[in-house]
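Heads up: the structure comes next, in structure tokens.
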There are 2 protein chains.
Amino acid sequence: MLYMRSIPDDRTTRAVIRDEALRLLAAHGPETVTVRQIAAAAGVSPGLIVHHFGSKEGLRQEVDQYVLDVFEAMLGELTGESGAKLLDPAAGASSLSEVFARHLPDDSPLPTYLRRLLLSETDAGRLLFRRLYDLSRAALDGLATAGLAAPGNDPAVRAAVLLANDLALFLLRDRLTEVLGMDPLSAEGMTRWAPEMLSIYAGGLNAAPPPPQGDTP
Amino acid sequence: MLYMRSIPDDRTTRAVIRDEALRLLAAHGPETVTVRQIAAAAGVSPGLIVHHFGSKEGLRQEVDQYVLDVFEAMLGELTGESGAKLLDPAAGASSLSEVFARHLPDDSPLPTYLRRLLLSETDAGRLLFRRLYDLSRAALDGLATAGLAAPGNDPAVRAAVLLANDLALFLLRDRLTEVLGMDPLSAEGMTRWAPEMLSIYAGGLNAAPPPPQGDTP
DNA sequence: CAGCATGCTAAACAAGCGTTCAGCACTTGT
DNA sequence: ACAAGTGCTGAACGCTTGTTTAGCATGCTG
């Protein structure tokens, strides 16, 4: 057995365990995945996981926090001035999915982990959703101030509707891939999904179909 | 111990086990809930569950099928002629959530079980989603034929968008309840949710706010 | 009334789980 | 060079899991 620990950088054995745990937990969930499976995937013994993280639950919490940090970094680009660009039918139309797609590779386990996080009854999940909701409200506010969208009769609910619609793509990704024959979160899939979504946001279900550059007389 | 089996109706011990399993599985998931927990909730011994259903997995499949049957009966009212009413901004606006709310009590475990079904990688979940997608496509077709909505540039994707938006309410119910301070699937909550949703479908994000009965000059 | 199936329980079983423990290999500070 | 500390393993422990088995009480049928 080789003990390799040449440079004191970040990719320690600890980080490898964290990454493999993230991958497996995203794919199968914390109840299904065993400590032994994670240990095998990381090429270590089960005991080492407890040594590093205290317990299986400790590891899960550390992965949660790690995912939260990564998302927070990505969400940073949506706050402040540029926040109004979110959901803007006229602008580049940066939805959450598009932001994630721009930052993560197509096969990243993070969107799947996000899904589990949002649906799990954990503080991390609640925190993340609250953060996204605040972001959605701020974006709607910005759009309203800029005259690009109406806040509606019930802005709190309208922001929730917009967020829910955006997140549905993550939550139902697998089912949508099955019926559509393509992954709506892939680069190709989004070129079909986003226009339909934005067309509805722009003019509702009755709006005239806009070919690449089209006006209605 | 009493052996009560007076009338040969449906509410057999078997049905009690099925109902308790449904309740517990919806609330905590199949991986978390144990056979002993279900047995205790139903007031029987763990062995009896295996005796009736073969295995824990067998019980889960029977509950899946039972839920599928109940939903199928409810979905029946949406097919055919009346299918066009689904998602119709002008009509009574019967979304999936409203249909379910009309048929089920507020504390029914079925919406929560539906969520798990749709997100689980099971044939039952895939089947149900496919069924709902076909329904959504048919509804959009009907609306288009009636001139009440445009099919969009990509009808297959548009139907998926509408379905995903509808289902998001079920999937994110708990999180939405937290940030909004009310359950959007309750009778009261839907009076706030539906108008915002329909307002967007009717005219997009820029549409003028419609008070109960309002025209735009 | 004998006989057999049915509904059901209590106890036990093997397997798998998360976790603990004793100890080896190696690095670091003195 | 020696002691202390870290990273890590392999085996074991106690517990819980789904499932099996033996057997009892009841109801149906000839």
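The values are calculated or read from the model by the stated rules, or taken from the named source; none is laboratory data. Everything quoted here is computed from the prediction, not taken from an experiment. Here Cβ is always computed from backbone atoms with ideal geometry, including for glycine, and neighbour counts include all displayed protein chains. To get the accessible areas, we keep the full protein, side chains included, count just its heavy atoms, and leave off ligands, DNA and RNA. Shrake-Rupley method; radii C 1.70, N 1.55, O 1.52, S 1.80 Å.
List of remarks:
- Selection status of B:L162, within 17 Å of B:Y201 (Cα to Cα), assigned by TED's automatic domain parsing to the domain that holds B:E77 and modelled with pLDDT of 95 or more: yes
- Tabulated pairs, region B:24-49, first within 14 Å of chain A (Cβ to nearest Cβ) and near DNA strand D (Cβ under 10 Å from one of its atoms), second polar (S, T, N, Q) and open to solvent by 50 Å² or more (accessible area, probe 1.4 Å), C-beta under 8 angstrom, 6+ apart or interchain: B:E31/A:T32
- None of A:R5, A:R102 is at pLDDT below 95 and near DNA strand C (Cβ under 9 Å from one of its atoms) except A:R5.
- The set of residues in region B:142-159 that are modelled with pLDDT under 95, at the interface with another protein chain (Cβ under 7 Å from one of its Cβ atoms) and within 30 Å of B:S186 (Cα to Cα) contains only B:A149.
- Set side by side, the residues A:E72, A:E57, A:E62 differ, and just one is within 30 Å of A:L135 (Cα to Cα), among the acidic types (D, E) and modelled with pLDDT under 95, which is A:E72.
- Residue in region B:169-185 that is of a type in the set (V, I, T), more than 10 Å from chain A (Cβ to nearest Cβ) and within 19 Å of A:A156 (Cβ to Cβ) present: yes
- Residues of region A:40-69 that turn out to be within 12 Å of DNA strand C (Cβ to nearest atom), under 23 Å from A:T122 (Cβ atoms) and open to solvent by less than 40 Å² (accessible area, probe 1.4 Å), as a count: 4
- The helices (runs of 4 or more DSSP H) located wholly in region B:110-217 that include 3 or more residues which are open to solvent by 70 Å² or more (accessible area, probe 1.4 Å) occupy B:123-145, B:187-203.
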